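In what follows, a structure is listed as structure tokens, so that the remarks can point back to it.
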Amino acid sequence: MQSPKRTVFHNGQIIDGRGGAFSGYVAVEGAHILAVGAGQAPRTVADTGSAVVDLAGRTVMPGFIDCHVHLSMDALAAPVALGTRRAQLVGLMTASKNALRSLHGGVTTVRDCGTPGEIDFALREAAADGLCITPRLVLSGRALCMTGGHGWQLLGLEVDGPDAARRAARAQLKAGADNVKLIATGGILTQGTEIGSPQLTVAEMRAAVEEAHNAGKIAAAHAHGTQGIKNAARAGVDSIEHAYFIDPEGIDLMLEHGTTLVATSAAVRNVVHHGTAAGIPEHSVAKARSAIEAHVAGFKAAHRAGVKLAMGTDSGVPFTGHGNNLDELAYLVEMGLAPLEAIRVATLDSARMLKLEGKVGSLEAGKLADLVVVDGDPLADIAILREPSRIRRVMLNGRTVVDRDASRFLIGSAFGGELAVADPAAAKAG
């Protein structure tokens, strides 16, 4: 079943991703947004050949962008290494499933921040061949860590010294990376690493960042600890992930270097909430507990100071499931952002950090038609975005990939059409 050439959404709230919210319309033609405006769509937009969708109390927003996921990880209590070829094939299938879940949750672009082998690159090739449907993918390949550093057994590529880091960055870029992922400190999930300990040095990270920037790509650093956050900012990374123990000097360095903070609030909260009773190792729970209060205080301070923000969840780590990505917006609001600001962070600000703001991130004529239709008003209650059933329709590049009103998901076909796949949960709901 082919999508109509032009679709006009009207009679609802438009949140444009740029900070605007108004009653109006959005017209989509082909892969792009044709027009956005307040009030009724003019006849030149809503012509007789258009499919007209009456929103009637619903809200249209840009497709959401999650800047920190791990598609090959399945939110297990204790993640396992995918060391064998058979395990990596399972990892690829898992990544495909989780990519689709992300779309069902309203996320149309993800940055995968580390996979073993070349699972993420294989997923992109499979999607390009029409074998599966995924959000827009910004990929990292393997994360660069020191020998024995955080993530070495799950998704890391061990490097020691600036020359080794430079070679490894070049190798990931050659394989297809859009982002070079660096491990600046210990982490919650890796046994034997201290959460606050610095790992890769400034010189090691700077060498990798230079290679990413020389190739027109970006670089991100995992950094929990205070010193590692400062090291990553000094190394010139585009974003620092987590930053749970950021201090005033770290905030000043991020402001000086224009570094974006990707807070991943959901991940640390879920580890603490589920705990050892759910099977999460004690060492991980203890480290998460040690971080959560500092994280909230540090985030609030960074936000007040004007540090740039983007949205990321760390989906794939224990009990942070793909498809529940928009939980993060509720946490952003809880930590001080207004709902409209949180939506902007998760759309246009995230697109800007990924260097995609010319294509996606806001509802503007000429941009790619990534959009989400939500039942209700997230400005009145941001928590509605945590309910998957509220996400009624998702468009990616102008194609409807989720339509819960029709009780079906539309999955891309290798033959250029669309396959309607039953969604029992949606059918039961309504």
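The values are calculated or read from the model by the stated rules, or taken from the named source; none is laboratory data. Just so it is clear, the model here is predicted, and its values are computed rather than measured. Positions of Cβ are generated from backbone atoms using ideal geometry, with glycine treated the same way; all protein chains shown enter the neighbour counts. Calculation scope for accessible area: heavy atoms of the full protein, side chains included, ligands and nucleic acids excluded. Shrake-Rupley method; radii C 1.70, N 1.55, O 1.52, S 1.80 Å.
Quick notes
- Taking packing as the residue-averaged number of other Cβ atoms within 10 angstrom, the listed peptides 199-205, 278-284 run from highest to lowest as 199-205, 278-284.
- Quarter of the Cα convex hull surface for the range 1-69, i.e. its orientation-mean projected area (nm²): 6.0 nm²
- Charge tally in the Cβ shell below 10 Å around Ala330, where Lys, Arg are +1 and Asp, Glu are -1, Ala330 excluded: -3
- Net +/- balance of residues flanking Glu387 in space, Cβ distance below 14 Å, scoring K and R +1, D and E -1: +1
- Among 220-228, 244-252, 45-53, 257-265, sorting by the average number of other beta carbon atoms lying within 10 angstrom of each residue, highest first, gives 220-228, 257-265, 244-252, 45-53.
- Cα-based reach from Lys308 at 27 Å (exclusive), listing lysines while leaving out same-chain residues under 8 positions away: Lys181, Lys217, Lys230, Lys287, Lys300, Lys355, Lys359, Lys367
- Helix 162-175 vs. the chain, principal-axis angle (Cα, 0 to 90°, nearest 10): 30 degrees
- Summed residue charge, Cβ within 11 Å of Ala310's Cβ, Lys/Arg positive, Asp/Glu negative: -1
- Rounded to the nearest 10 degrees, the angle from helix 202-214 to the longest Cα principal axis of the chain is 30 degrees.
- Using the Karplus relation 6.51 cos²θ - 1.76 cosθ + 1.60 with θ = phi - 60°, the per-residue 3J(HN,Hα) values for the range 107-117 come to 9, 9, 9, 10, 10, 7, 9, x, 9, x, x Hz, with x marking Gly and Pro.
- On Cα atoms only, tilt of 226-235 relative to the major axis of the chain in degrees: 70 degrees
- Applying D = kT/(6 pi eta Rh) to the range 114-192, where Rh is the Kirkwood radius over alpha-carbon pairs, T corresponds to 25 °C and eta to 0.890 mPa s, the Stokes-Einstein value obtained is 186 µm²/s.
- Distant-in-sequence amide contacts of His68, defined by a placed amide H-H separation under 5 Å and a gap of 5 or more residues or a different chain, comprise Arg111, Thr313, Asp314.
- Candidate residues Lys5, Lys97, Lys367, Lys359: accessible-area rank, largest first, probe 1.4 Å: Lys5, Lys359, Lys97, Lys367
- In sequence order, calculated HN-Hα J values of the range 277-289 (Karplus, 6.51, -1.76, 1.60; Hz; x Gly/Pro): 4, 8, x, 6, x, 4, 4, 5, 5, 4, 5, 5, 4
- Helices in the chain, meaning DSSP H runs of at least 4 residues, each add -39500 (n - 2.57). Divided by all residues, the mean residue ellipticity at 222 nm is -9500 deg cm²/dmol.
- Gly151 long-range amide H proximity, modeled H, under 5 Å: Thr190
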